[in-house]
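Undergrad: Sharing a structure below in structure tokens format, with a few things to ask.
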Amino acid sequence: MDVDLVVVGSGFFGLTVAERMANEHGARVLVVERRSHIGGNAYSEDEPTTGIEVHRYGAHLFHTSNERVWEYATRFTAFTGYVHRVYTTYRGEVFPMPINLGTINQFFRSAYGPDAARALVREQAAELDAVLAGREPANLDEKGVSLIGRPLYEAFIRDYTAKQWQTDPTELPASVISRLPVRYTYDNRYFNDAHEGLPVDGYTAWLERLADHPRIEVRLDTDFFDTSQPVHKDAVVGNVPVVYTGPVDRYFDYAEGELGWRTLDFEQEVLDVGDFQGTPVMNYADLAVPYTRIHEFRHFHPEREYPDDRTVIMREFSRFADRGDEPYYPVNTPADRARLLAYRGLTEREHDERGVYFGGRLGTYQYLDMHMAIGSALSMVDNRLAPRVRV
Ligand code: FAD
Ligand code: UDP
């Protein structure tokens, strides 16, 4: 095969590796992609009847404090000034998320200042002091109560999390909600990062520019495990270095068992109204509402000329993934983490003996935001691939 590197998967991880290796290091890169489009889960397309950009695999908001990633991203796209804000509906009332002074005062029908609100939450969280006895919260349940106290936790986190994960919150890692800030100000920005925005001409245009290089070939509709294709695992591994960004358990034919994933079902609707909910994302905190949130895509791009009498919404439902489903969120129970450790042993051997590099969200079984996927791809190129891949 006349290439220096094969990349499996054309998400942000795979395309960043391909772009850097081709552009900076002169490598000829073949990218194989199972789907019929590039871009992995960040892919977006215009809904044909309205022209509204829809993120096919769930809403994607770009944000980062990593200057290197920001500099790299802005080589391929400009960003709008979009700032992400989310609201949540709880028992028929709308509250701002993430939890901030506005949420707290609305919830407790109060007018606390920052210190009084902190003192109240501290008092409510004190029930955990004896349990924790100085140690860090060990799971999502402990983390939630210690962060915001039980009343707020039970209203805004417990049941939403139950719908999103269908896993006992004592089995979920604390890190799942550490992503959500809690603020004792009225600042209701969803992210804390230095840079935030949406790609001016859409995600797919950005992703296409990453892949647009004469030394990069992308083969769509090509599953790396399909032996009827010319480029497949058995034909490639050991002969050419491979960067694999698909599910790590699948690579080893589930030898150490299946890693747990959540998948999402999206129900998309075009409505004959100009504005359905007045905001990009509305979460639903109550168990009785079967979906976790509704996205309304027009609000991601207020700067664009979209029709004023039609809108596109998407309801999001979460469930456990079977083998045939798209794996979206690693569940990461203790049993998963034990399996992952066993797979780590296998990936190290596969790397040392056959030149396979595992990366990205699926390849490392880690929840990675886009900026993290891009950042870790840049590091992999610098530290591991560029020195090893011979051109
Ligand atoms: P992916 O994008 O999943 O790409 C992997 C690619 O590998 C896929 O295209 C897949 O088809 C391909 N592949 C898998 N197996 C094979 C095979 N056998 N052969 C060939 N190809 C294969 N990040 C943010 O920063 N902000 C957000 O708001 C945000 N929202 C998200 C919402 C959802 C619902 C999800 C699931 C993720 C979200 N993310 C968000 C994370 C973001 O999608 C990831 O950071 C990014 O997609 C990671 O890129 P990746 O290349 O690792 O994986
Ligand atoms: N979460 C919650 N209530 C909310 C929003 C989030 O309980 O209204 C919890 C939930 O467990 C979720 C986690 O916080 O899985 C992370 O939320 P985020 O919005 O970052 O998740 P994502 O957009 O990745 O689905």
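Undergrad: Suppose the filter is under 30 Å from M314 (Cα atoms), surrounded by fewer than 17 Cβ atoms within 10 Å (Cβ to Cβ) and polar (S, T, N, Q); does S65 pass it?
TA: Considered against the rule, which asks whether it is under 30 Å from M314 (Cα atoms), surrounded by fewer than 17 Cβ atoms within 10 Å (Cβ to Cβ) and polar (S, T, N, Q), S65 comes out as yes.
Undergrad: Kindly indicate the residue of segment 161-200 that is away from ligand 1 (no atom under 13 Å from the Cβ) and in contact with a Phe, Trp or Tyr (Cβ under 7 Å, 6 or more places away or on another chain) and also farthest from V131 (Cα to Cα) among those meeting that condition.
TA: V200
Undergrad: Just checking: which of the helices (runs of 4 or more DSSP H) contained wholly in segment 189-256 hold 1 or more residues that are under 21 Å from the mean Cα position of the chain (by Cα)?
TA: Ranges flagged: 203-211, 248-251.
Undergrad: Out of all the residues in segment 341-360, which are buried (at least 20 other Cβ atoms within 10 Å of the Cβ) and either touching an Asp or Glu at 6+ places or on another chain (Cβ under 9 Å) or aromatic (F, W, Y) (or both)?
TA: If the condition is that a residue be buried (at least 20 other Cβ atoms within 10 Å of the Cβ) and either touching an Asp or Glu at 6+ places or on another chain (Cβ under 9 Å) or aromatic (F, W, Y) (or both), then Y343, V356, Y357, F358 are the ones that fit.
Undergrad: Restricting the search to segment 151-176, which residues are in contact with a helix residue (DSSP H, G or I) (Cβ under 6 Å, 6 or more places away or on another chain) and either of a type in the set (A, V, I, L, M) or assigned to a helix (DSSP H, G or I) (or both)?
TA: Y153, I157, L172, A174, V176 - these are the residues of segment 151-176 that are in contact with a helix residue (DSSP H, G or I) (Cβ under 6 Å, 6 or more places away or on another chain) and either of a type in the set (A, V, I, L, M) or assigned to a helix (DSSP H, G or I) (or both).
Undergrad: Moving on. crowded, with 17+ Cβ neighbours inside 10 Å and within 16 Å of ligand 2 (Cβ to nearest atom): does that describe T77? First the steps, then the outcome.
TA: On the way: crowded, with 17+ Cβ neighbours inside 10 Å: yes; within 16 Å of ligand 2 (Cβ to nearest atom): no.
No: the conditions fail for T77.
Undergrad: So for segment 55-72 (the condition being away from ligand 2 (no atom under 16 Å from the Cβ) and in a strand (DSSP E or B)), does at least one residue qualify?
TA: No: segment 55-72 contains no residue that is away from ligand 2 (no atom under 16 Å from the Cβ) and in a strand (DSSP E or B).
Undergrad: Would you please name the residue that is nearest to ligand 2 (Cβ to nearest atom), looking only at residues in segment 183-200 that are of a type in the set (A, V, I, L, M) and surrounded by fewer than 18 Cβ atoms within 10 Å (Cβ to Cβ)?
TA: For segment 183-200, the residue satisfying everything is A194.
Undergrad: Then there's this: Going residue by residue through segment 240-261, is there one that turns out to be over 29 Å from D322 (Cα atoms) and in contact (Cβ under 8 Å) with a residue 40 or more places away in the chain?
TA: Yes, segment 240-261 has at least one match.
Undergrad: If Y82 satisfies every condition in (1) part of a loop (DSSP other than H, G, I, E, B); (2) of a type in the set (S, T, Y); (3) surrounded by 16 or more Cβ atoms within 10 Å (Cβ to Cβ); (4) away from ligand 2 (no atom under 16 Å from the Cβ) but one, which is the exception?
TA: In the conditions (1) part of a loop (DSSP other than H, G, I, E, B); (2) of a type in the set (S, T, Y); (3) surrounded by 16 or more Cβ atoms within 10 Å (Cβ to Cβ); (4) away from ligand 2 (no atom under 16 Å from the Cβ), Y82 misses (4) alone.
Undergrad: Moving to a separate point now. Sort out which residues of segment 19-37 are within 11 Å of ligand 1 (Cβ to nearest atom) and buried (at least 22 other Cβ atoms within 10 Å of the Cβ), and write them in order of number.
TA: V31, V32, E33
Undergrad: Among the listed residues R304, R319, R310, R337, identify the single one that is within 16 Å of ligand 2 (Cβ to nearest atom), out of contact with any His (no Cβ under 8 Å at 6 or more places or on another chain), basic (K, R) and more than 29 Å from H25 (Cβ to Cβ).
TA: Answer to the check: R319.
Undergrad: I would also like to ask the following. Could you run through segment 4-24 and say how many residues are farther than 14 Å from D212 by Cβ, assigned to a helix (DSSP H, G or I) and among the hydrophobic types (A, V, I, L, M, F, W, C)?
TA: 4
Undergrad: Would segment 210-228 turn up any residue that is within 16 Å of ligand 2 (Cβ to nearest atom), touching a residue at least 24 places away in the same chain (Cβ under 8 Å) and surrounded by 18 or more Cβ atoms within 10 Å (Cβ to Cβ)?
TA: Filtering segment 210-228 down to residues within 16 Å of ligand 2 (Cβ to nearest atom) leaves none.
No: zero hits.
Undergrad: For a quick check of your reading of the model, give me the residue pairs whose first member lies in segment 340-358 and is at negative phi, whose second is among the aromatic types (F, W, Y) and part of a strand (DSSP E or B), with beta-carbon atoms closer than 6 Å and at least 6 apart or on different chains.
TA: Close Cβ pairs satisfying both conditions: T347/F358; V356/Y244; F358/Y244.
Undergrad: For residues that are within 25 Å of E93 (Cβ to Cβ), aliphatic (A, V, I, L, M) and crowded, with 17+ Cβ neighbours inside 10 Å, scanning just segment 123-170, find the one that is nearest to ligand 2 (Cβ to nearest atom).
TA: Per the stated criteria, the residue is I157.
Undergrad: Against the definition (more than 16 Å from ligand 2 (Cβ to nearest atom), loosely packed, with under 12 Cβ neighbours inside 10 Å, over 19 Å from A42 (Cα atoms) and of a type in the set (A, V, I, L, M, F, W, C)), how does A116 come out, yes or no?
TA: The answer is no for A116.
Readers should treat all values here as calculations from the given coordinates under stated rules, not as data from a laboratory. Fair warning: this is a prediction, and the values are worked out from it, not measured in the lab. No Cβ is skipped: glycine too gets one built from the backbone with ideal geometry, and neighbour counts run over all protein chains shown.
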